[in-house]
Amino acid sequence: MRVRYDRDTCIGMFQCVAEWDAFTEDEDAGKAVLEDSEEVEDGIFEREVPEDAELDAKFAARACPVDAIEIYEDGEQVV
């Protein structure tokens with residue numbers, strides 16, 4: 001399972017931070033940060049989701065009010 005995060009879309013509500021500890025607050029930028037991710041396109045970050053964090057990752061994606069977080073499993077978007 002992979003998470004894809006669009007930092008440009010993020011509006012800094014930080015609801016993802018409350019759901020999954022892989023997200024942290026960058027208060028200076030007013031955006032969330034996806035820890036241990038790599039930038040795969042301009043402003044788009046991805047990383048693997050550990051098996052023990054799959055539910056938290058899905059909750060973080062569902063909690064995002066602007067859909068800046070997507071979850072993929074076997075190449076298909078599940079959230």
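Quick check: is even one residue across region 63-79 surrounded by fewer than 17 Cβ atoms within 10 Å (Cβ to Cβ) and polar (S, T, N, Q)?
Yes, region 63-79 has at least one match.
How many residues are open to solvent by 90 Å² or more (accessible area, probe 1.4 Å) and either touching a strand residue (DSSP E or B) at 6+ places or on another chain (Cβ under 6 Å) or closer than 19 Å to GLN77 by Cα (or both) when one looks only at region 1-37?
So the answer is 1.
In the chain, which strands (runs of 3 or more DSSP E) lie fully inside it and hold 1 or more residues that are over 12 Å from the mean Cα position of the chain (by Cα)? Spell out the reasoning first.
Details: elements: 2-6, 23-26, 31-34, 38-41, 44-48, 69-73.
The qualifying strands (runs of 3 or more DSSP E) are 23-26, 38-41, 69-73.
The values are calculated or read from the model by the stated rules, or taken from the named source; none is laboratory data. Being a predicted model, the structure only gives us computed values, none of them experimental. Glycine gets a Cβ as well: all are built from the backbone with ideal geometry, and neighbour counts include every protein chain shown. Note: areas computed on protein heavy atoms with side chains; ligands, DNA, RNA excluded. Shrake-Rupley method; radii C 1.70, N 1.55, O 1.52, S 1.80 Å.
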